[in-house]
Amino acid sequence: NAALQNSRQVASKSDGMINELRPKIGYLESDLRNETSKVAISLGEVQDCEVMLQTSREVALKADGLVGELRVKVGHLESDLWSETSKLARALSEFGACEAMLQSSQEDASYSD
């Protein structure tokens, strides 16, 4: 009889504790759902950032390629510029020599007059 009474008291306490825990478990489940939702949103944002980062890397690689191509073209233009400058210097030198010869022959012609 005492054992039965003891069992009833233990069962009653257990029921009371379970009834106290049910709302707490409900709150925890709700919090867990909210946090899970936040994590899902954050994961979506992380994935968006990863896509943007990948796109940025691709753009950077393309830009590097274009910069390399432009360096080559600028190098060719510099070479062409030096070549043309050199031709111009030779032409100016020849022009100067011709001018000097012309002046000299004009002076010779004026002395012989």
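Overview of values
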| quantity | calculated |
| --- | --- |
| Whole-number accessible area per residue in Å² for the stretch 1-83, which is evaluated in the context of all protein chains at 1.4 Å | 92 Å² |
| Matching label, Rg and Dmax of the Cα atoms in Å computed from the structure shown, candidates (i) 47.2, 161; (ii) 37.6, 127; (iii) 13.0, 38 | (i) |
| Count of Lys pairs (Cα-Cα under 22 Å; at least 8 positions apart or interchain) in the stretch 1-88 | 4 |
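The values are calculated or read from the model by the stated rules, or taken from the named source; none is laboratory data. Computed from a predicted model, the values in this text were never measured in an experiment. Side chains included, ligands, DNA and RNA excluded: accessible areas come from the protein's heavy atoms. Shrake-Rupley method; radii C 1.70, N 1.55, O 1.52, S 1.80 Å.
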